[in-house]
Amino acid sequence: PDRYDAVAAQKRWQRFWEADATFVTRDDGAKPRAYVLDMFPYPSGDLHMGHAEAFVMGDIPARYLRLKGHDVLHPIGWDSFGLPAENAAIQRGTHPAEWTYANIETQATSFRRYGLSLDWSRRLHTSDPEYYRWTQWLFLRFRERGLAYRKASFVNWCPKDQTVLANEQVVQGACERCGTTVTKRQLTQWYFRVTEYAQRLLDDMAELEGGWPDRVLAMQRNWIGRSEGAYVDFAVEGREEPVRVFTTRPDTLFGATFFVVAPEAPLAAEVVTDAQRPAFEAYLEETKRVTEIERQSTDRPKTGVFLGVHATNPANGEQIPVYAADYVLAEYGTGAVMAVPAHDQRDLDFARAFDLPVRVVVETGLPDPGETGVATPGDGAYVSSGPLDGLSDKAAGVERIVAQLQDDGVGESAVTYRLRDWLLSRQRYWGAPIPVIHCPGCGEVAVPDDQLPVELPYLTGAALAPKGTSPLASASDWVNVACPQCGQPAKRDTDTMDTFVDSSWYFFRYCSPRDVDAPFDPDDVRRWMPVAQYVGGVEHAILHLLYMRFFTKVLFDMGLVDFVEPMRRLLNQGQVINQGKAMSKSLGNGVDLGAQIDEFGVDAIRLTVVFAGPPEEDIDWADVSPAGSLKFLQRAYRLAGDVTSPRGTDPRGGDVALRRETHRLLADVTTAVETQRFNVAVARVMELVNATRRAIDTGPGAADPAVREAAEVVTVALSLVAPYAAEEMWERLGHTPSVADATWPEVDASLLVAETVTCVLQVQGKVRGRLEVAPDVSEDALRTAALADEGVVRALAGREVAKVIVRAPKLVSIVPKG
Ligand code: ANZ
Ligand code: ZN
């Protein structure tokens, strides 16, 4: 029977691709290069539908660019450090590497099965010493540039995982990984100074407009959170140095009726009077139990405590009371605010709760906030505002007051960012050790480059159990070392790096994965990068995508790369859900990828995923039909078997109607693939399969050269989505494998223009004009057009027409009277 055998084809072509090294990156210099990359996977169990979808969406452009004549880099590797491996090792009494590398092997087998055009020879794992040696090397370079540093501060602490978390890893007040409510701890930790790059992270987004989804850019912009305003200095009782506040509304300075500092900011403990200290300390304890989200919530009743001192408004010398309140965050701006209750809702809520005065200084025409409880943040005429009175727009007000503050030396214009420095140290085992030694005499000393990597000591099971300090601290043979500078006894840093450090540079490593002298060869990176197409989930819109942009900018500053944005285009594939449930969260809630593949074959599943809708949209598995996909593949496969003309047959001279259809659809498929409308591309291939089938069965027949042309277009186009079936078809069509080495067919533009016929116009038997008309033009339309033709009108010279003979579509003959 003429049926496509998916299981046999999968086995056969996997073996072929491997033996033929079909997808090993070629770089002979003759062709343009393209780098197509999927976010590398984390080895948690086997692959699920989400992986399959993401990698298929990356495989399409990789295969397409190759067929279009590029050398393509399409690598694979694993983001293999991280907590789940460590938790598994604690449970099983084993080493995290066991779980990690076993899962990697499982996933690797699955990836091979999915028919992805991946280059396995460049495979990397971030937990291999050959890789993390360079993660450590990069850390040291960052440190030399002042971009990696240690400081003590209140940090996010996950009580369950017993480790600190970056701000980006706290979602709605909970640990991103385990969902436990995050608390605060005062600890000394390592940070990357990403704030130094805040403005460049914003500015360089101009390069990404159009190539990245707008919503990702918006999320990054929002996360970086640039605010323009001013610093204003207030003198505070009991303190010599003035206290700075950051405000976006310096023009409301005359409306400041009190002053608020974050409870955990050192300033609060410093200025509080003895009488108020017990109340303050009790409040501070309370604050530690409140999440950042709650603190910023507008619904939550305002709380706080008077510190017993006053601040002086630098504009009018007025004394205003100083409070500690948790709605002010220690880590934003300066950790202190001037409160203007009339024009700021949070301040107004606080003023009403603590019975503080509300003074309107901008007349907006709205009712008095002191009475309504609704602040008026809008523009208006300034009142009771000294030099601002008479002005009525915000820009002018801000300019005037800032100029005055600057003149008086009590303020200046300022820009702040919501972005915080990236907390990168973790008190866990399964990560890259921070390559620093602490010496009693020399302080912090970098591990010399020639002693990298600092390899993890071998720890298993209970030794890894979370206890608030790093498990590495208990490996005394490992911890105790001679100081590289003075030789005296010293200790290694026992924290490991956040795994987002590992994933911030892996795409560079793929360009020269076996380099033993450097993290990557700058020449290789220059040849392959930036990445033409990056594919991955929108859950990385902030974390990974912001960090890797930061890394790239630092590498640019180090002169190691010559671009500042590493990913030209980004595609966020949707999720595969099953009647509303997200499948990628856990295996087995509905659709099991492996079982689907066993039943329908890889190609049918790939095709189903692609055909379901635009790649960014979620797919509900209840709405799709893998059985229908398989049926379509069978139809396509039969076409290839029906073609009887030999390979190399010139399609010119073949059936014109089918050729027109072929090239019209080919043009559509090409555009659809280039604009990432992969579902549309599949729909057009389906149309072409139908048209070809009609041509064979009821048209010019299987021997017509146009039929071969159409079947080849189907095969090559289908190879993007259903590579196994396409390989079989290509072979049936008489070609030597692989179809991946074929060429994407050229659209013949002459077949796209609508067909016309030249109609000759005669007057008294002489040719007086010509018209380009449709072959099926009506006699009436042709008569009217002919009589209106310039040449005909001139030849008639005003004479009446006796007779018009129309032979559509080729001839109109006009006989004048007389
Ligand atoms: C006085 C004022 C008057 C303010 C007014 C606003 C409106 P964004 O836009 O988010 O940057 N603020 C400053 N530091 C803060 C902190 N650490 N915690 C909480 N709030 C803080 O907001 C800047 C405004 O938020 C600043 O401008 C300050 O309140 C407050 F009619 O100052 B404003
Ligand atoms: Zn020393």
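The values are calculated or read from the model by the stated rules, or taken from the named source; none is laboratory data. The model shown is predicted, which means the values in this text are computed figures rather than measured ones. Every residue, glycine among them, receives a Cβ derived from its backbone with ideal geometry; neighbour counts consider all protein chains shown.
Do you know which residues across segment 416-454 are at pLDDT below 95, in contact with a Leu (Cβ under 8 Å, 6 or more places away or on another chain) and in a strand (DSSP E or B)? Scanning segment 416-454 gives a single hit, 423. From the set of residues in segment 230-277 that are among the hydroxyl-bearing types (Ser, Thr, Tyr) and in contact (Cβ under 8 Å) with a residue 40 or more places away in the chain, which is nearest to ligand 2 (Cβ to nearest atom)? Across segment 230-277, the extreme among qualifying residues is 231.
Of the residues 613, 653, which is closer than 30 Å to residue 211 by Cα, touching a residue at least 24 places away in the same chain (Cβ under 8 Å) and surrounded by fewer than 22 Cβ atoms within 10 Å (Cβ to Cβ)? Only one candidate passes the filter, namely 613.
Candidates 732, 807: the one that is farther than 28 Å from residue 692 by Cα, out of contact with any Ser or Thr (no Cβ under 6 Å at 6 or more places or on another chain) and basic (Lys, Arg) is 807. Restricting 526, 549, 492, 514 to those that are among the basic types (Lys, Arg) and either touching a strand residue (DSSP E or B) at 6+ places or on another chain (Cβ under 6 Å) or within 16 Å of ligand 1 (Cβ to nearest atom) (or both) reduces the list to 492. Among the criteria (1) farther than 28 Å from residue 67 by Cα; (2) loosely packed, with under 10 Cβ neighbours inside 10 Å; (3) at pLDDT below 90, the one residue 777 does not fulfil is (2). Among the residues of segment 296-311, is there at least one that is touching a residue at least 60 places away in the same chain (Cβ under 8 Å), within 13 Å of ligand 1 (Cβ to nearest atom), more than 37 Å from the chain's Cα centre (by Cα) and not in a strand (DSSP E or B)? No: segment 296-311 contains no residue that is touching a residue at least 60 places away in the same chain (Cβ under 8 Å), within 13 Å of ligand 1 (Cβ to nearest atom), more than 37 Å from the chain's Cα centre (by Cα) and not in a strand (DSSP E or B). Checking the stated criteria, residue 512 turns out not to satisfy the condition of being part of a loop (DSSP other than H, G, I, E, B), crowded, with 21+ Cβ neighbours inside 10 Å, small (Gly, Ala, Ser) and more than 16 Å from ligand 2 (Cβ to nearest atom). Within segment 525-541, being surrounded by fewer than 18 Cβ atoms within 10 Å (Cβ to Cβ) and either at pLDDT 95 or above or closer than 11 Å to residue 201 by Cβ (or both) holds for 526, 527. Within segment 773-812, track down each residue that is within 12 Å of residue 762 (Cα to Cα) and assigned to a loop (DSSP other than H, G, I, E, B). Result: 789, 810. Please enumerate the residues belonging to segment 361-370 that are under 45 Å from the mean Cα position of the chain (by Cα) and under 21 Å from residue 253 (Cβ atoms). The answer is 361, 362, 363, 364, 366, 369.
If you go through segment 90-134 and keep only what is of a type in the set (Gly, Ala, Ser), in a helix (DSSP H, G or I) and modelled with pLDDT of 95 or more, you end up with 97, 102, 108. Within segment 186-209, the set of residues being surrounded by 15 or more Cβ atoms within 10 Å (Cβ to Cβ), more than 18 Å from the chain's Cα centre (by Cα) and either without any contact (Cβ under 8 Å) to a residue 60 or more places away in the chain or part of a strand (DSSP E or B) (or both) comprises 187, 189, 190, 191, 192, 196.
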